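Peer 1: My structure is below; once you've seen it, I'll send some questions.
The values are calculated or read from the model by the stated rules, or taken from the named source; none is laboratory data. Quick caveat, the model's predicted, so the values are computed rather than measured. Neighbour counts are summed over all protein chains in view; Cβ atoms, including those assigned to glycine, are modelled from backbone coordinates with ideal geometry. Accessible surface is based on the protein model in full, side chains and every heavy atom, while ligands, DNA and RNA are left aside. Shrake-Rupley method; radii C 1.70, N 1.55, O 1.52, S 1.80 Å.
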Amino acid sequence: MILLDGKKAKISILEELKEELLKLDRKLGLTVIQIGDDPASNVYVRNKGKMANDLNYNFNHIKLDDDITEEDVLALINKLNNDDIVDGILVQMPIPKHLDSKKIQNAIISVKDVDGLTDINMGKLAHGVDSLVPCTAMGILDLLRFYNLDVEKKNVAIVGRSDLVGKPLASLLTNNNATVTLCHSKTENLKEHTKLADILVVAVGKPKLINDEYIKEGAVVVDVGINRTEEGLVGDVDFEKVKDKVSYITPVPGGVGQMTVAELGKNTYKAHVLRKKKL
Ligand code: NAD
């Protein structure tokens, strides 16, 4: 069994990116809007800041009170949309319930939408048009590529159909000529689907949901889940139970999470390039 080491792949991706950044005439700007003080979000935003620092980006972390009005959030996004030195904007999820998260995400102009979650970018991805792709989905494809694991002609099962991970990944892999089965909470006989997969991606958020009974001998397993439990951070896959059956597997932590942050760095650069093309 070979570990799909996200840290190693991340370093390689960021080194390549740094070469491109050297050719630019200014620092790129990445703005993260956080609303409220969710502890997990604090960690995620800190990690984004570290990556941005490493790439010498101007990182702007705007932390807003959790009773802010939707109008004020939209006005802030509008200002950032029109600020030429801001290349990428993202709103850290989750946000307080009184705010409409779809409306707020869609207020970000599509060429600065570094999370790739606006309807425009999701639509472009579904249509196979070059666009800003959600970071976790792109990170999974880049991690497989780093290990020379081609998805073309492979049977891929994805468990979890969220807008954040499962759905964009299904489009991305389909565009890359994989045969994709997208499973979810209403899927009947989940095992029958997952056992056919050459590559199994699990993004559910249920600790150790997937064990050896769900997996084909020699499959590649990508565990997206990050679950905080008494034994620490664990994935959606029971690593101990599957490790002797798989050919490749991502560790948790140290797998997909590392790639997600690296892709945000890449998307900020891509956003800059896309916007320059439009001007
Ligand atoms: P979500 O809650 O939005 O979606 C979960 C999906 O799982 C749903 O589509 C649901 O239908 C499906 N599901 C639920 N129970 C199921 C079951 N028993 N069988 C089959 N499908 C089932 O979650 P999300 O935002 O996609 O996140 C999923 C997990 O991935 C979480 O643990 C999250 O923390 C993690 N995550 C990790 C990264 C990363 O960078 N590693 C990024 C995003 C999310």
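Peer 1: Exposed loop trypsin sites (Lys or Arg not before Pro) only (DSSP loop, at most 11 other Cβ atoms within 10 Å): please give the longest stretch of the chain free of them, not including the sites. Display every interim value, and only then the final one.
Peer 2: Details: sites that count: LYS23, ARG26, LYS97, LYS153, LYS186.
Answer from the scan: 187-279.
Peer 1: Between MET93 and residues 5 or more places away or on another chain, which pairs have amide H atoms under 5 Å apart, with H built 1.01 Å from N, and which residues are they?
Peer 2: none
Peer 1: Comparing ALA40, ALA52, ALA170, which has the greatest mean-square fluctuation in the GNM of the chain with Cα pairs linked when under 10 Å apart?
Peer 2: Most flexible of the set in this elastic network: ALA40.
Peer 1: Which is the longest run of the chain containing none of the GluC sites (Glu not before Pro) found in DSSP loop states (not H, G, I, E, B) with at most 15 other C-beta atoms within 10 Å?
Peer 2: Working: sites that count: GLU152, GLU188, GLU217, GLU230, GLU231.
After excluding every exposed loop site, the longest remaining stretch is 1-151.
Peer 1: Which of the listed residues, VAL222, GLN258, LEU173, is farthest toward the dipole's positive end in segment 139-273, when Lys, Arg count +1 and Asp, Glu count -1 at the beta-carbon?
Peer 2: It is LEU173, whose Cα lies furthest towards the positive end.
Peer 1: Turning to a different aspect of this structure: With both partners inside the chain, how many of the DSSP beta bridges are antiparallel, as a percent to the nearest 5?
Peer 2: On the way: 3 of 33 bridges.
Approximately 10 percent, going by the DSSP bridge assignments.
Peer 1: If I fit a long axis through the Cα atoms of helix 39-54 and take the longest principal axis of the Cα atoms of the chain, what angle between them do I get, 0 to 90°, rounded to 10?
Peer 2: 70
Peer 1: Quick query: amide H of LEU28 versus all other amide H atoms, modeled in the peptide plane; which residues come in under 5 Å with a sequence gap of 5 or more or a different chain?
Peer 2: Residues meeting the amide H criterion: ASN58.
Peer 1: Something else now. Is there a quick way to get the dipole size of the chain? I mean about its Cα centre, with the Cβ of Lys and Arg at +1 and of Asp and Glu at -1; what is the value in debye to the nearest 20?
Peer 2: Numbers: 38 positive and 41 negative charges, 128 e Å.
So the magnitude is around 620 debye.
Peer 1: Whole-Hz Karplus ³J(HN,Hα) for segment 110-115, in order, using 6.51 cos²θ - 1.76 cosθ + 1.60 and θ = phi - 60°, x for Gly and Pro?
Peer 2: 4, 6, 10, 7, 6, 8
Peer 1: How big is the dipole moment of segment 206-266 about its Cα centre under a simple scheme where the beta carbon of each Lys and Arg is +1, that of each Asp and Glu is -1, and everything else is neutral? Debye, nearest 20, please. Working shown, then result.
Peer 2: Numbers: 8 positive and 11 negative charges, 41 e Å.
Taking the Cα centre of segment 206-266 as origin, the dipole is about 200 debye.
Peer 1: Oh, and also: Once the Cα atoms of helix 135-146 and of the chain are each reduced to a long axis, what angle between those two axes, in degrees from 0 to 90 to the nearest 10, is obtained?
Peer 2: Taking Cα atoms only, the helix is inclined about 50 degrees.
Peer 1: I'd like the distance separating the alpha-carbon centroids of segment 84-156 and segment 60-81, in whole Å.
Peer 2: Here the two parts' Cα centres lie 20 Å apart.
Peer 1: Select from LEU80, HIS184, ILE104 the residue farthest towards the positive end of the dipole of the chain; place +1 on Cβ of Lys and Arg, -1 on Cβ of Asp and Glu, and compute about the Cα centre.
Peer 2: LEU80
Peer 1: Given a 1.4 Å probe, how much area per residue of the chain is accessible, in Å²?
Peer 2: Working: 13780 Å² over 279 residues.
Dividing the accessible area of the chain by its residue count gives 49 Å².
Peer 1: Here is a further query. Length gain on complete extension for the stretch LYS7 to ASP130, per 0.36 nm per residue less the alpha carbon to alpha carbon distance? Can you show the working numbers first?
Peer 2: Working: separation 123, 0.36 × 123 = 44.28 nm, distance 2.64 nm.
Computed gain between LYS7 and ASP130 is 41.6 nm.
Peer 1: Can I ask one more? Could you give me D for the chain, from Stokes-Einstein at 4 °C and 1.567 mPa s, where the hydrodynamic radius is the Kirkwood radius over C-alpha pairs? Units µm² s⁻¹, please. Walk me through the intermediate numbers first.
Peer 2: On the way: Rh = 19.3 Å.
Roughly 67 µm²/s, to the nearest whole number.
Peer 1: Here's something else I'd like to know. Springs between alpha-carbon pairs under 10 angstrom, Gaussian network model over the chain: which of SER12, SER110, SER171 fluctuates most?
Peer 2: Looking only at SER12, SER110, SER171, the largest GNM fluctuation is found for SER12.
Peer 1: Let me ask another. Length gain on complete extension for the stretch ASP54 to GLU152, per 0.36 nm per residue less the alpha carbon to alpha carbon distance? Before the final figure, lay out the partial values.
Peer 2: Values: separation 98, 0.36 × 98 = 35.28 nm, distance 3.33 nm.
Taking 0.36 nm per residue and subtracting the Cα distance, the gain is 31.9 nm.
Peer 1: Show me, for segment 72-89, the HN-Hα J-couplings you get by feeding each phi into the Karplus relation (A = 6.51, B = -1.76, C = 1.60, θ = phi - 60°), rounded to Hz, glycine and proline as x.
Peer 2: 5, 5, 5, 5, 5, 4, 4, 5, 5, 4, 9, 8, 5, 8, 9, 8, x, 10
Peer 1: Would you give the gap between the C-alpha center of segment 210-279 and the C-alpha center of segment 33-54, rounded to a whole Å?
Peer 2: Their Cα centres are 19 Å away from one another.
Peer 1: What is the spin-label model distance, in nm, from LYS79 to ASN47 if the labels are put 7 Å beyond Cα along the C-beta direction?
Peer 2: Label-label distance for LYS79 and ASN47, simple model: 3.0 nm.
Peer 1: Same structure, new question: What length, rounded to one decimal in nm, is gained on full extension from ASP67 through to ASP244, with 0.36 nm per residue of separation minus their alpha-carbon distance? Could you put the intermediate results ahead of the total?
Peer 2: Values: separation 177, 0.36 × 177 = 63.72 nm, distance 4.97 nm.
Result for the pair: 58.7 nm of gain on full extension.
Peer 1: For segment 135-257, what is the charge dipole size about the Cα centre, in debye to the nearest 20, if Lys and Arg each add +1 at the Cβ and Asp and Glu each add -1 at the Cβ? Kindly include the intermediate steps, with their values, before the conclusion.
Peer 2: Working: 15 positive and 17 negative charges, 54 e Å.
Using only the charged Cβ atoms, the result is roughly 260 debye.
Peer 1: For an R0 of 51 angstrom, estimate the FRET efficiency from the Cβ-Cβ distance between LYS206 and ARG26 and round to the nearest 0.05. Let's see the in-between values first.
Peer 2: Details: r = 44 Å, r/R0 = 0.87.
So, using R0 = 51 Å, E works out to roughly 0.70.
Peer 1: Find the relative contact order for the chain and round it to a whole percent, using C-alpha pairs within less than 8 Å whose residues are 6+ positions apart. Present the calculation step by step, with values, prior to reporting the outcome.
Peer 2: On the way: 542 pairs, mean separation 62.1, N = 279.
Over the chain, the number comes to 22 percent.
Peer 1: Points 7 angstrom from Cα along the Cβ direction at ASP163 and LEU190: gap in nanometres?
Peer 2: Simple spin-label model gives 2.3 nm for this pair.
Peer 1: Here's another thing I want to ask about it. Taking only the alpha-carbon positions of segment 26-109 and ignoring solvent, what does the Debye formula give for the base-10 log of I(q)/I(0) at q = 0.23 Å⁻¹?
Peer 2: At q = 0.23 Å⁻¹ the computed log10 ratios are -1.16.
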